[in-house]
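A short write-up of the structure that comes next.
All of the numbers you see were taken from the coordinates with simple rules; none came from a lab. Keep in mind the model is a prediction, meaning the values are calculated, not measured. So basically every Cβ, Gly included, is an ideal-geometry build from the backbone, and we count neighbours across all protein chains shown.
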Amino acid sequence: MTISLITGANKGLGFETARRLAGAGHTVYVGARDSSRGQSAAQSIGARFVQLDVTDQESVDAAARAIEQAEGHLDVLVNNAGIGGPYRPAPEIGGTEMRDVFETNVFGVVRVTQAFIPLLERSANPVIVNVGSSIGSKALVMNPDRIESTLPVLAYGASKAALVMVTLQYAKALPSFKINIVEPGFTATDFNAHRGPQTVEEGAEIIVRMANLDRSGPTATFQDRHGTLPW
Ligand code: NAP
């Protein structure tokens, strides 16, 4: 049985990923910072709930202990929890707003990954999927033909660019793991007041595909559901 944990899985892309992995037969842990929302989300898809606030080291450590006690190991970690942060011109953004976004989108991923590496090392096929964004791609943000080049997202863009390097550094350090970063695409969720043209089913497609990699799968790649993205 494949044991999978998805952070921020009480709604949006995380919930859809949890639903699909549970449907594929994984034992799924819905990580959520709010217990009642997390519990009801998990219950609705036959998954388990684990309290997990990625900004809180104690919460992350307690989640790792709970899964270790219940399962002994972890096979798939999906670092999905993320926040958008301010949508204003770069000169208006200060260090506090920047730090808040990094606390969740970057330091949160490191906190969770570090806590779960010992459990993943006990898996026969350890997989990590980091949910990034095309807004973290230098090549796309600098391409005037792309929508990414027009968005005022200093904190979010920088956090997802940092997540690219976090992904690559882990992939290099853990060559027996499959560690990839994905771009779900602009998807209708609370994240963007449901303005994204894609459904959550479409958005979660690449997350689910990379979560299901076998031993022959790639590591250290950046992909959306249509293929490889430029860094
Ligand atoms: P969403 O519907 O707003 O869901 C975000 C999830 O993250 C929620 O479950 C939220 O929990 C959780 N979260 C936020 N801070 C957390 C924390 N400190 N600890 C634990 N969980 C936390 O957004 P989404 O669209 O599904 O986004 C999921 C991921 O996809 C994010 O990393 C985002 O950057 C990325 N992404 C989204 C799009 C898009 O178009 N939607 C495009 C590219 C990338 P609460 O319910 O408690 O707030």
Computed E for ALA24/ALA70 - FRET, C-beta separation, R0 25 angstrom, nearest 0.05: 0.80
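For region 178-231, how big is Rg over Rh, using alpha carbon atoms and the Kirkwood form of Rh?
Result: Rg/Rh = 1.02.
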Residue by residue through region 149-158, the couplings from Karplus 6.51 cos²θ - 1.76 cosθ + 1.60 with θ = phi - 60°, in Hz, x for Gly and Pro, are 6, 10, 9, x, 9, 3, 6, 5, x, 5
Helix-only estimate, please: 222 nm mean residue ellipticity of the chain, summing -39500 (n - 2.57) across DSSP H runs of length 4 or more and dividing by its residues, to the nearest 500. -12500 deg cm²/dmol
Most mobile of ALA47, ALA22, ALA124 in a GNM of the chain (Cα contacts under 10 Å): ALA124
Give the long-range amide H neighbours of LYS178: residues separated by 5 or more places, or on another chain, with amide H under 5 Å away, using H modelled in the peptide plane at 1.01 Å from N. VAL127, ILE128
Express in nm, to one decimal, how much length is gained between GLN39 and MET1 on full extension, taking 0.36 nm for each residue of separation and deducting their alpha carbon distance. 11.5 nm
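Explain nothing, just the number: dipole magnitude of region 1-52 about its Cα centre with +1 on each Lys and Arg Cβ and -1 on each Asp and Glu Cβ, in debye rounded to the nearest 20. List each step's numbers first, then the result.
On the way: 6 positive and 2 negative charges, 8 e Å.
It works out to roughly 40 debye.
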Within the set of other residues whose C-beta is less than 14 Å from the C-beta of ARG225, count the net charge using Lys and Arg as +1 and Asp and Glu as -1. -4
Please compute the net charge surrounding GLY185, taking Lys and Arg as +1 and Asp and Glu as -1 over other residues with Cβ under 9 Å from its Cβ. -3
Apply 1/(1 + (r/R0)^6) to the Cβ-Cβ distance of ARG215 and LYS138, taking R0 = 35 Å, and write down the FRET efficiency to the nearest 0.05. 0.65
Rg and Dmax of the chain, using alpha carbons, in Å: what are they? 16.5, 51
Assign one of three labels to region 97-197, namely rounded, prolate or oblate, based on the Cα gyration tensor with a ≥ b ≥ c the square roots of its eigenvalues; rounded applies when a/c is under 1.5, prolate when it is not and a/b is larger than b/c, and oblate otherwise. prolate
Can you give me the distance in nm between label points at VAL110 and ALA90, each placed 7 Å from the Cα along the Cα-to-Cβ direction? 2.2 nm
Determine, from the Cβ-Cβ distance of HIS194 and ALA62 and an R0 of 35 Å, the FRET efficiency 1/(1 + (r/R0)^6), rounded to the nearest 0.05. 0.60
GNM, the chain, Cα, under 10 Å: largest mean-square fluctuation among TYR156, TYR87, TYR170? TYR87
Find the all-direction average of the projected area of the Cα convex hull for region 1-50, expressing the result in square nanometres with one decimal place. 2.6 nm²
Would you mind pulling out the separation of the Cα centroids of region 1-73 and region 81-160, in Å? 20 Å
Cα gyration tensor category, rounded, prolate or oblate, for region 56-147 with a/c compared to 1.5: oblate
Treat every Asp and Glu Cβ in region 119-231 as -1 and every Lys and Arg Cβ as +1, leave all other atoms uncharged, and give the resulting dipole magnitude about the Cα centre to the nearest 20 debye. 340 debye
Of ALA155, ALA173, ALA139, which is the most mobile in a GNM of the chain whose springs link Cα atoms less than 10 angstrom apart? ALA173
The set of residues whose placed amide H lies less than 5 Å from the amide H of VAL50, leaving out same-chain residues fewer than 5 positions away, is VAL30, GLY31, ALA32
Compute the distribution of all C-alpha to C-alpha distances in region 26-97, in bins of 10 Å from 0, and list the percent of pairs in each, rounded to whole numbers. 17, 42, 22, 14, 5
Tell me which lysines have Cα within less than 23 Å of LYS178's Cα, excluding those fewer than 8 residues away on the same chain? LYS160
